[in-house]
């Protein structure tokens, strides 16, 4: 079972418009070949919840938000209760997730525990085995995606979709398939395309640096949302 791996005490980048800290949870049910957090994904958390809550107690009024990330934080059985405790301190809550645990996400949303969700749209279904390590989590991801689109439309949560790109592993046409898919299922907001952050032995799949650059001119224009680019 994943547990708290590390705490990043301050970030202005991970929760738009907020001064946040990040709680990193060890363990993940995916093995994305380009993942740059292999120590978190494959490691074990050794930080205690009480240590984290003590840290937050001292930052009430200084920080405004807490980001729960990983790994995959929704695998942690104690996540709902921990979020309740953090929210009771007055912090806004952002969850970074791969969407593979829709039942957990549904419960958090039903309680109104989440202010912001960033969901990774890894790749088209046909590439799940190659890039993520398993095709079995496609349907749970789709359930989570549809759920969040509906909740965002009702104004109950802020929501973004993002995709990490290694241009040698995913083509412009793959991305266009995903853009069409998001349009078809009614996504609104911004779809962020993120350039791979690390290569070589710093990634789970030991992937080499890309030999080519993403050709943004080949990407189609979405009709219902915007494209955003990070780390390009």
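Would you call residue 162 out of contact with any helix residue (DSSP H, G or I) (no Cβ under 8 Å at 6 or more places or on another chain), under 16 Å from residue 72 (Cβ atoms), surrounded by fewer than 20 Cβ atoms within 10 Å (Cβ to Cβ) and in contact (Cβ under 8 Å) with a residue 24 or more places away in the chain?
The answer is yes for residue 162.
Filter the stretch 62-86 down to the residues that are part of a helix (DSSP H, G or I) and either over 11 Å from residue 114 (Cα atoms) or in contact with a strand residue (DSSP E or B) (Cβ under 6 Å, 6 or more places away or on another chain) (or both) and list them by number.
Result: 73, 74, 75, 79, 81, 82, 83, 85, 86.
Give the number of residues within the stretch 87-115 that are within 22 Å of residue 27 (Cβ to Cβ) and part of a strand (DSSP E or B).
Number satisfying all stated conditions: 5.
Select, from 20, 26, the only residue that is touching a helix residue (DSSP H, G or I) at 6+ places or on another chain (Cβ under 9 Å) and touching a residue at least 12 places away in the same chain (Cβ under 8 Å).
26
Of the residues in the stretch 188-205, how many are over 20 Å from residue 150 (Cβ atoms), surrounded by fewer than 18 Cβ atoms within 10 Å (Cβ to Cβ) and touching a helix residue (DSSP H, G or I) at 6+ places or on another chain (Cβ under 8 Å)?
Residues meeting the conditions: 1.
Restricting attention to the stretch 126-159, and to residues there that are surrounded by fewer than 16 Cβ atoms within 10 Å (Cβ to Cβ), more than 26 Å from residue 109 (Cα to Cα) and in contact (Cβ under 8 Å) with a residue 12 or more places away in the chain, which single residue is farthest from the chain's Cα centre (by Cα)?
That would be 130.
Considering only residues of the stretch 92-125 that are over 21 Å from residue 178 (Cβ atoms) and free of Cβ contacts under 8 Å to residues at least 24 places away in the same chain, which is farthest from the chain's Cα centre (by Cα)?
Looking at residues that are over 21 Å from residue 178 (Cβ atoms) and free of Cβ contacts under 8 Å to residues at least 24 places away in the same chain, I get 110.
Given 32, 21, which one is within 25 Å of residue 202 (Cβ to Cβ) and in a loop (DSSP other than H, G, I, E, B)?
32
Give the residues of the stretch 35-47 that are in contact (Cβ under 8 Å) with a residue 40 or more places away in the chain, surrounded by fewer than 17 Cβ atoms within 10 Å (Cβ to Cβ) and either outside any loop (DSSP other than H, G, I, E, B) or in contact with a strand residue (DSSP E or B) (Cβ under 6 Å, 6 or more places away or on another chain) (or both), sorted by residue number.
The answer is 42, and nothing else.
Within the stretch 165-182, track down each residue that is over 17 Å from the mean Cα position of the chain (by Cα), buried (at least 16 other Cβ atoms within 10 Å of the Cβ) and within 13 Å of residue 225 (Cα to Cα).
179, the sole residue that qualifies.
Throughout, read-outs are computed from the coordinates displayed, never taken from laboratory work. None of the values given here were measured: they were computed from a predicted structure. No Cβ is skipped: glycine too gets one built from the backbone with ideal geometry, and neighbour counts run over all protein chains shown.
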